[in-house]
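Right, one structure below, let's go through it.
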Amino acid sequence: MKKNIRWQPETAQSIIYWSSTFIILFLSLILSLENTRPYWKSNIIMGVFFVFLLLGLRRSFVLKKDAIRIKYAAFWRDRDISIDEIKEVRVQKRKVSLSFATGKEPFVIFVNRKAQQKLLEHLKHPMEEAIKPSSLLNKTKDLVE
């Protein structure tokens, strides 16, 4: 059973990405208003906008039985993370931080409350042979009700 959870990166990165995406849209609309008939340059720029829109909406977690697949806007950066690799989970109002056993810097994402609950439920109740849920529950910190 797979579940998808949409996520956004840090607030500043999200604002920069979505602002530049909508600048492309407005540029296309301005170019199309300059002409009385369809204009091929504005159509090409509108196509670029739709590519950036689809890439921005592509960011998600795919929750699998014993792993989590992280999909980025940059499709070549996608990666699978085993639940065994997750050392610590920190939850704040809209932010989830995952620390890994390999010592890499924490993976910080912004998701809504329902998505946080889905992610925590998946981490609490994975397949029994993948990880012991009690050990992960002890490592969960800063849960805000």
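Just so you know, all these numbers are worked out from the coordinates, no wet-lab data involved. Keep in mind that this is a model prediction, so the values were computed, not measured. Cβ: placed from backbone, ideal geometry, glycine included. Neighbour counts: every protein chain shown.
Points worth noting:
- Length added when fully stretched, Lys3-Val108, from 0.36 nm per residue minus Cα-Cα: 35.9 nm
- A simple spin-label model places pseudo-atoms 7 Å from Cα toward Cβ; at Leu33 and Asp84 they are separated by 5.8 nm.
- If R0 equals 25 Å, the separation of the Cβ atoms of Leu54 and Lys95 corresponds to a calculated FRET efficiency of about 0.50.
- Projecting the Cα atoms of Leu98, Ile70, Leu53 onto the dipole axis of segment 39-107, where Lys and Arg carry +1 and Asp and Glu carry -1 at the beta carbon, places Leu53 farthest toward the positive end.
- Net lengthening on full extension, Met46/Glu121 (0.36 nm per residue, minus Cα-Cα): 23.0 nm
- FRET efficiency, Ile23 to Phe75 (Cβ-Cβ, R0 22 Å, nearest 0.05): 0.50
- Nitroxide proxy distance, nm - points 7 Å out along Cα→Cβ at Lys65 and Ala12: 4.3
- Taking 23 Å as the limit for the C-alpha separation, the pairs Lys41/Lys71; Lys2/Lys118; Lys2/Lys104; Lys65/Lys93; Lys65/Lys124 exceed it in the case of Lys41/Lys71; Lys2/Lys104; Lys65/Lys93.
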